[in-house]
Amino acid sequence: MTVVYLVQHGEKESQPGDPGLTALGRWQATRTGRWLHAQNVAAVWTSPLRRARETADHIAAVTGLPVHTDDRLRERLNWDVDQPFEDFLTLWARTTRDRDLVPDGGQSSRQAGARLQSFLATLLTHPGPTSAVTGPGPAAAPGPAAGPGPAPAVTGPGSVAGPGSVAGPGSVAGPGSVTGPGSVAGPGPAAAVAGPGPASSVAHSGPVTRVTHGAAVAAVTHGGVTVELLRNLVPDEALPPAILKSGIPPCAITAITALTGSTPDAPTTFTGLTPTVIAFTAHLTPTP
């Protein structure tokens, strides 16, 4: 079984466009890299946005791994330099409540979650000892081979594991990262939901890499699209209410694993994705 650790980028500068990390954000990214190194991650992927790339670079400096970029990890909406912040917040709230509302030139929240879901399917679905991702266009996905085994359980203060009571339908996750090391606790693992289908149908743009079966992979992404992925996988009622209301904290880790079944003709068949840990932040304490 392969696990993908979705890493929220570190704390970013509060400005529109494509801001980088603050000093605290760089510290958070380095601490996250140390935790991921202890989990024996085999690859590091990132969104192309600067705050994510800087986070991935700090992780790579600790792990010694190259950084691969995939556009499917980008945020669902971005605050443009020519857009008043109040207008951006209004659009964010509308697209959070109406998950099928498509903003000009963009994707609906549901579509953005499916985009991230397709990235995960590319990494998690294909059998074979060392299936390789080969570059632009439809590609063979990284596939299974020997590795460190299932994701280790993440425990301790700050871990979030799945469903809790949810805020009412009017609650809206904010577009920015939640500052500080705090996390959201939930009472149990999240329910599983079928994934988006075979990864061979997913177009991929990125460098050659190999991910082996059982390996852990880190992917730096953004809070809004991660929340929408989770909403695609499990009902809102099964998610921690603070995640829906306030978003995902900087450098929080959400673990996604593949569900598999078996048939006489196919000993290992991909059946879906499940979040096993949501917004884990214990690795960020104490803060500097």
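All of the numbers you see were taken from the coordinates with simple rules; none came from a lab. The structure presented is a predicted model; accordingly, all values stated were derived computationally and were not measured. Reconstructed Cβ throughout: ideal geometry from the backbone, glycine too, with neighbour counts over all protein chains shown.
Computed from label points 7 Å out along Cα-Cβ, the spacing between ASP104 and LEU89 is 2.1 nm. Residues of the range 220-258 with an amide N closer than 15 Å to a point placed 7 Å from the Cα of ARG97 along the Cα-to-Cβ direction: 245.
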